[in-house]
Every structure is written in structure tokens, then in C-alpha cells.
């Protein structure tokens with residue numbers, strides 16, 4: 001009987017050693033488009049185009065294959081809310097294993113439509129969601145106060 005070790009990480013070999021890399025977080029820059037030109041941000045030099053959804057899912061699947069226990073997916077850009085298919089992106093990522101999605105945004109393009117989408121895709125586990133100190137409720141309250 002052969003003893004087979006199940007690979008859980010990505011094996012990287014150098015001249016001195018072999019490293020097993022396990023992803024703690026998967027980050028996908030979904031767009032190079034941004035509505036601001038912040039001097040400190042490298043996105044100012046990115047290509048001004050959206051990443052296609054199939055390419056995002058390919059990255060997500062690759063990351064998951066080398067770290068199946070990785071729960072967090074970070075969507076960034078540019079400004080992720082500027083992606084022309086943002087709603088479809090969020091839905092596709094959720095359907096393909098994005099249990100916990102973090103969005104890095106400047107917030108200037110946030111609308112009530114986005115908040116409704118976030119509420120719809122909210123974590124399936126209230127207990128897990130509370131881990132983030134009820135952040136969804138705090139963010140939606142702040143947004144509605146700013147716009148009232």
C-alpha cells in the first residue's frame with residue numbers, strides 16, 4: 001500500500017530549500033479603473049480595464065486548490081465599485097466559494113443599490129458575520145445618515 005501525502009499548499013523549490021506556501025487570503029484586483037487619482041496609490045499607473053469574470057474565477061479556484069481552508073477573499077482595484085459588471089462579479093465570486101468577501105474601496109461610488117446587494121449576499125452564518133462586529137449594520141447606518 002502506497003502512502004500518499006495530500007498536498008495542501010503550493011510547493012516552491014529554490015536552490016536551498018523547498019517551501020510549502022499556504023494562502024491565508026486571496027486578493028484579486030478586479031479593475032484598474034478608479035474615479036480618483038490619489039498620489040499614494042499604485043492603481044494610478046494600472047491599465048484602465050476590468051478583469052473578466054472568468055479570469056477572476058480562475059484565480060479564485062487556483063488559490064482554493066492550494067489552500068482549501070482559506071476563507072477570505074479580498075476584492076480590490078483601482079476602485080472595485082467602478083467595475084462595469086460589479087454586481088455580476090460579486091454574485092459569481094460568492095457562488096464559487098467566496099464565503100467572506102472583503103472589499104477595498106474609497107466608498108465614493110457606494111449607492112443604496114450596492115447596500116441592497118451586500119445585504120442579499122450577506123454571510124450565510126450570522127455567527128460568523130458577528131465576528132466582524134456587526135460591520136454591515138454599522139456601514140449601512142453610516143451610509144444612510146450621510147445621504148439623509
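Counting just the residues of segment 50-66 that are free of Cβ contacts under 8 Å to residues at least 40 places away in the same chain and in contact with a strand residue (DSSP E or B) (Cβ under 7 Å, 6 or more places away or on another chain), which one comes out surrounded by the fewest Cβ atoms within 10 Å (Cβ to Cβ)?
Among those residues, the one meeting the criterion is 59.
Consider residue 78 carefully, then state whether it is within 19 Å of residue 119 (Cα to Cα), part of a loop (DSSP other than H, G, I, E, B) and in contact with a helix residue (DSSP H, G or I) (Cβ under 6 Å, 6 or more places away or on another chain).
In short, no.
Which of the residues spanning segment 25-46 are at pLDDT 75 or above, in a loop (DSSP other than H, G, I, E, B) and either in contact with a helix residue (DSSP H, G or I) (Cβ under 8 Å, 6 or more places away or on another chain) or surrounded by 10 or more Cβ atoms within 10 Å (Cβ to Cβ) (or both)? Please lay out each step first, then the result.
Within segment 25-46, the first condition is being at pLDDT 75 or above, and the residues that meet it are 25-41.
Within this subset, residues satisfying the condition of being in a loop (DSSP other than H, G, I, E, B) are 25, 30, 32-41.
Selection gives 25, 30, 32, 33, 34, 35, 36, 37, 38, 41.
The values are calculated or read from the model by the stated rules, or taken from the named source; none is laboratory data. Values in this document were obtained by computation on a predicted structure and should not be read as measured data. Cβ coordinates were reconstructed from backbone atoms using ideal geometry, including for glycine residues, and neighbour counts include every protein chain displayed.
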